[in-house]
Structure formats: C-alpha cells, structure tokens
C-alpha cells in the first residue's frame, strides 16, 4: 500500500506548573508530542521522496506559537513538533502545519475563554474543514482563527510585563480544561 498523506496529530497534556511535573510525565509528553512526529517523518519521508508525492500534515497548536503565560512542557512540545515539520520544507515535500486555537476535544473538554466573541472556541468540524482546505491549497501554515497569526507575531513585540498582563486579562487557554 502506498501512503500519500501523513497526518501527525498525536498529543498528550498535563495541566500543572512545570515544577509539579514528574520526570516521567515530561518524558512521556515529549515522547508522544515530539519524538513520535520525528519517527513518523523519518519512516515516511523517504517513501514520499521516492514516489515524488506525499503530503505531511501536522496538527500543532496556537499554544506552540504564542509565548506561554507559564512555562509548560505541553506548549514547548507543541512548538517543537511544529518547528520540525516547518523546517523540513527544505525537502520540497508538501507540508501543512495547522495551528488551531482551543477547541473542544477529548484532550481539552472545556476550553477556557473569557471573550468568546473576540476569540471564538472552534469546533472540531471547523478545524477539520479549514485544515483540509489548507492542504488542498498547499498552504504551509494555517492559524485558526486567522487573526491568531497576527497575535502570534505581534505579541513578541510587547514588553514582557505588558504581554503577561494582556494574557492575564484575556484569561483564555486550556490549562484548566485538561483536568
């Protein structure tokens, strides 16, 4: 069987401050959220190159694109898996990395959002529709909702105290949703 699409969506999360994580939790988080992506890519990329076709889709997270409020192994792991795929565009493979904002899943059953009219909680169907659309258009990176791309880039220009105050005021995220 010829595989022509790799969907890399594996992720686990633990909702607690960094210092409360055990070594085992951090290790398992990186095994699933980062290393599994590398192993799949290492296995399938040569076949895609040989066949001169194949599309690699990574489901990342806005959490991996926006500097976190607290140091979180989950957010770091999502950043690394996304960067891995984005850096592999040098192989001229078709790659799409989707970065959705919080949406209700079994991993995050209750995403938190103080201003849902400003930052809507996405549905799985919305994320799937936009992700498939991005793949069909050969978009390399898609942020959902679209304005989060602007937020991810401009928040880095803010002084740290301002950025932290803004994130605290918006009071959005998935940390409480994981429990």
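The values are calculated or read from the model by the stated rules, or taken from the named source; none is laboratory data. All values reported here derive from a predicted model rather than from experimental measurement. Positions of Cβ are generated from backbone atoms using ideal geometry, with glycine treated the same way; all protein chains shown enter the neighbour counts.
A few notes on this one:
- Counting the residues of the range 1-39 that are surrounded by 16 or more Cβ atoms within 10 Å (Cβ to Cβ), over 15 Å from the mean Cα position of the chain (by Cα) and within 23 Å of residue 132 (Cα to Cα) gives 1.
- Residue within the range 78-93 that is at pLDDT 75 or above, surrounded by 14 or more Cβ atoms within 10 Å (Cβ to Cβ) and under 17 Å from the mean Cα position of the chain (by Cα) present: no
- For the range 54-63, the criterion of a residue being modelled with pLDDT under 90 and more than 22 Å from residue 128 (Cβ to Cβ) is satisfied by no position.
- Residue-level analysis places residue 149 among those that are surrounded by 12 or more Cβ atoms within 10 Å (Cβ to Cβ), modelled with pLDDT under 90 and either farther than 20 Å from residue 14 by Cα or in contact with a helix residue (DSSP H, G or I) (Cβ under 6 Å, 6 or more places away or on another chain) (or both).
- Residues of the range 41-60 classified as crowded, with 16+ Cβ neighbours inside 10 Å and more than 21 Å from residue 137 (Cβ to Cβ), total: 3
- Taken together, the residues in the range 129-141 that are surrounded by fewer than 15 Cβ atoms within 10 Å (Cβ to Cβ), part of a helix (DSSP H, G or I) and under 16 Å from the mean Cα position of the chain (by Cα) amount to 1.
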